[in-house]
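In what follows, a single structure is set out as structure tokens and then discussed.
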């Protein structure tokens, strides 16, 4: 949510300011109305923590006096620590900090914290360089001695603010307390001379201020806490925001704000003849007669030679420092940079004026009262011929090619001696893409194997300029980590083998290149290996909530104008033979305010997809929301996909061929380089372990897992390594890893279940069942899963009746659970009992499941027991279409094919199953099933 206050940005800050460099200690002024008395003895644990909050403001003679009286109940040890030191910060140029009262209320006792002459200690904190600020702020602190839990701490202070830059005008904002905030007493009060032309307005729903006139003053009072404000969609344009504030201003209109600020940006005589700055102007004039190029050179000078640093000292909240000072100091904030740029442009006879803008908010919400507080930034609006240029001296990396780009805010206020109203900033995309990415996937080793990937990103503008700083200042490790993060935004989980970062000063473009390796981007779907190529479509999401009647007239904000380009190249195996494309191969359409252009080519083993996305509309009108939602949904269903041929060789054949041909060597070399590039990156070891295990080199996979565990022990890796030890027959190391996993998290379901199965297989059935039963007896949300696990253990142990009782209990607890129905089907099938109801369980599980693979495999077992081999074969083939490495399905298909006389196919399936799961014969023999 956008915060609204007195110029919250660091560029044009109108923070409270004061005339004295030490706090004053005085009684409250006579115009203050005392708050209700506090009876601390009547407060209890249910009383609001905010006992009192009273903010009273007087606007008079160009000054805003803000009186704040607070009383806080110290309800916890944390609050006691936080409240133990009071702080107040101020800028002493334009006002005072006045301390009226610091008290501790304890039962019926009132303790004066300032008794005996105790005073705040003033700390000078003029620089906040970590935020690029030099603000002249002072901080006063006071340690509250003797404060106890249950006390009420009362602090009453005033601040005054009189800013000469406002030429006698006043402006103020107060936040209104809103439910669920609780307070014993809450009040916001404003007053001003009746004769003064002060306007006020609140935007809060349900606010009912009392307006009175007495003794020549108009008074506005809000008592109590406002009701909870109506919720608004978070994707609405800023102009619909209704912050719970009240503001008052003596500006008659936006033109008055514009006129008041105009003298601050007068440029006459600011570049003395013969000065160093005049010499810079002369260089630009001599370089080209073209005013557009001159404007670009002037902007480049201000952006490149003057670093950003906010200066709020010596009245600098609204008043810019002089151009000569800015050039000499070589730093300045938005005000200083704008005045410098204006002076240079005027010296070059280019028409230009300042324009103040709401940079943080992005826009001025509808109906807002005119005041300088609506803005936190200032830029230059220049005119060259018939063109309007929006020039921001605080940006970096802008070149001639970008000179016509527009800022992201929607309205600005030109600063003119004659005054101006708010004007709209045109909405159009930048001339050049902010980011142009090219990704190449080398999948020639096989679609089921890891992919060599190269990502190149060209980044311009402010982001590109920041990367230039990184390229110059960062350590090699910092550069690597930054490139790794950027590449990860395009290709998740990629691990880099090498990277580079360069910057072209002439074009303002940073080029980031990362080469590495990533797991296969392909998956089995509907019987074929497929991969999605979303391109820039991944940047489009349109799910606005306009179901509430009050929201139906609110547009949907699309976001700032931007341009993105994505180039995708896929190098395919088998020379690309048999590969096809599905979905939108070409696009030239406006979808949710973005114009998307796509071109696709598939020639030989190279698939190329070029996407460009351009934002062309800032928002979607309410009437267009349904059609836009439907268009986006349609586009998502037509995601571009590459599909491998149906008869693509199995993974086992691909691995065997890759071993023979040496196609695995580039992948292994890439993993080795990725490890050398970042030896402490756990992910690169676990990624290579997955690759090695997936190519059936389990001993090498265990080595990588061991290295990963030495860096970062995790339950998942311990359980993974335990399973590999089990497959290799090393039960002692399997047990050790299971112990380590349980030590990390004794409540882990996966670790508990794995240990129970280990104990069962080791012949200790009672200990295995007891381990699971303990969790069943504990109840809770996982009790059903433990009951199903118990049933599985009992079935593996051959205890048919007990297994059926346990799984029936699990299904009874969750009758709609596809997982439990599948478990019951599997148990009945493996035990060869109740096959008719087992078939119903599996069929129901398939109907309920999003992933039907396990249930298909289970139903195939039931069909096998019923001697319905064709039906079993159909289910097994369907399961393997989606999960081609499901060892159990391969094993059973091999057995059935053998029974049906398909000897070669049967042998291939059985060999594949044994390669994936070396213990599979032993597992199925316990069910009485063998080839």
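The values are calculated or read from the model by the stated rules, or taken from the named source; none is laboratory data. Since this is a predicted model, take the numbers as computed values, not measurements. Every residue, glycine as well, gets a Cβ built from its backbone with ideal geometry; the counts of neighbours run over all protein chains shown.
Would you check which residues across the range 493-509 are in contact with a strand residue (DSSP E or B) (Cβ under 7 Å, 6 or more places away or on another chain) and either part of a loop (DSSP other than H, G, I, E, B) or under 30 Å from residue 688 (Cα atoms) (or both) and list them?
Selection gives 493, 494, 495, 496, 497, 498, 499, 500, 501, 502, 508.
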So, residue 219, is that one in contact (Cβ under 8 Å) with a residue 12 or more places away in the chain, part of a strand (DSSP E or B), within 30 Å of residue 558 (Cβ to Cβ) and touching a strand residue (DSSP E or B) at 6+ places or on another chain (Cβ under 7 Å) or not?
no
Count - residues of the range 168-188 that are in a strand (DSSP E or B) and within 17 Å of residue 373 (Cα to Cα):
5
Any residue in the range 232-243 that's outside the structural domain of residue 357 (by TED's automatic domain parsing): show its pairings with residues that are part of a helix (DSSP H, G or I) at Cβ separation under 9 Å, as long as the two are six or more apart or on different chains.
232/240; 232/550; 232/551; 233/240; 233/551; 236/551
In the range 895-926, what residues are crowded, with 17+ Cβ neighbours inside 10 Å and over 19 Å from residue 725 (Cα atoms)?
895, 896, 897, 906, 908, 909, 910, 912, 924
Hey, can you tell me all the residues within the range 866-886 that are part of a helix (DSSP H, G or I) and surrounded by 21 or more Cβ atoms within 10 Å (Cβ to Cβ)?
872, 875, 876, 879, 880
Take the conditions assigned to a helix (DSSP H, G or I), under 21 Å from residue 796 (Cβ atoms) and modelled with pLDDT of 95 or more and apply them to residue 726. Does it pass?
yes
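Can we say residue 29 is over 13 Å from residue 158 (Cβ atoms), in contact (Cβ under 8 Å) with a residue 12 or more places away in the chain and surrounded by fewer than 16 Cβ atoms within 10 Å (Cβ to Cβ)?
no
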Specify the residue that is farthest from residue 867 (Cα to Cα); the eligible residues are those in the range 887-904 that are part of a helix (DSSP H, G or I) and without any contact (Cβ under 8 Å) to a residue 12 or more places away in the chain.
904
For residue 669: the one exception among (1) over 30 Å from residue 608 (Cα atoms); (2) at pLDDT 95 or above; (3) over 31 Å from the mean Cα position of the chain (by Cα):
(1)
Using the structure shown, decide if residue 527 is surrounded by fewer than 16 Cβ atoms within 10 Å (Cβ to Cβ) and in contact (Cβ under 8 Å) with a residue 40 or more places away in the chain.
yes
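Here's the yes/no breakdown for (1) surrounded by 16 or more Cβ atoms within 10 Å (Cβ to Cβ); (2) part of a loop (DSSP other than H, G, I, E, B):
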{"site": "33", "(1), (2)": "no, yes"}
{"site": "44", "(1), (2)": "no, yes"}
{"site": "47", "(1), (2)": "no, yes"}
{"site": "58", "(1), (2)": "yes, no"}
{"site": "66", "(1), (2)": "yes, no"}
{"site": "69", "(1), (2)": "yes, no"}
{"site": "78", "(1), (2)": "no, no"}
{"site": "81", "(1), (2)": "no, no"}
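One line per residue, one yes/no per condition, for (1) out of contact with any strand residue (DSSP E or B) (no Cβ under 8 Å at 6 or more places or on another chain); (2) in a helix (DSSP H, G or I); (3) assigned by TED's automatic domain parsing to the domain that holds residue 880; (4) more than 25 Å from residue 923 (Cβ to Cβ):
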site: 652; (1), (2), (3), (4): yes, yes, no, no
site: 666; (1), (2), (3), (4): no, yes, no, yes
site: 675; (1), (2), (3), (4): yes, yes, no, yes
site: 680; (1), (2), (3), (4): yes, no, no, yes
site: 689; (1), (2), (3), (4): yes, yes, no, no
site: 738; (1), (2), (3), (4): yes, yes, yes, no
Could you pull out every one of the strands (runs of 3 or more DSSP E) wholly within the range 518-615 that has 1 or more residues that are closer than 22 Å to residue 654 by Cα and modelled with pLDDT under 95?
523-525, 528-532
Quick one: count up the residues across the range 458-478 that are under 24 Å from residue 432 (Cβ atoms), in contact with a helix residue (DSSP H, G or I) (Cβ under 9 Å, 6 or more places away or on another chain) and assigned to a helix (DSSP H, G or I).
5
I need the full set of residues from the range 242-277 which are in a loop (DSSP other than H, G, I, E, B) and either modelled with pLDDT under 95 or surrounded by fewer than 17 Cβ atoms within 10 Å (Cβ to Cβ) (or both), in order please.
242, 252, 253, 266, 268, 269, 272, 273, 274, 275
Report whether or not residue 833 is more than 21 Å from residue 786 (Cα to Cα), assigned by TED's automatic domain parsing to the domain that holds residue 792 and either modelled with pLDDT under 95 or assigned to a loop (DSSP other than H, G, I, E, B) (or both).
yes
Scan the range 81-104 and tell me whether some residue there is out of contact with any helix residue (DSSP H, G or I) (no Cβ under 7 Å at 6 or more places or on another chain) and without any contact (Cβ under 8 Å) to a residue 12 or more places away in the chain.
yes
Would it be correct to say that residue 907 is free of Cβ contacts under 8 Å to residues at least 12 places away in the same chain and part of a helix (DSSP H, G or I)?
no
Being within 26 Å of residue 716 (Cβ to Cβ), in the same structural domain as residue 720 (by TED's automatic domain parsing), more than 40 Å from the chain's Cα centre (by Cα) and assigned to a helix (DSSP H, G or I) narrows it down to one of 773, 819, 743, so name that one.
773
Considering only residues that are surrounded by fewer than 24 Cβ atoms within 10 Å (Cβ to Cβ) and closer than 18 Å to residue 295 by Cα, which ones fall in the range 328-351?
346, 347, 348, 349, 350, 351
When you scan the range 291-311, do you find a residue that is closer than 28 Å to residue 369 by Cα and not assigned by TED's automatic domain parsing to the domain that holds residue 211, even just one?
yes
Condition test on residue 94, is it modelled with pLDDT under 95, crowded, with 21+ Cβ neighbours inside 10 Å and either outside the structural domain of residue 44 (by TED's automatic domain parsing) or outside any strand (DSSP E or B) (or both)?
yes
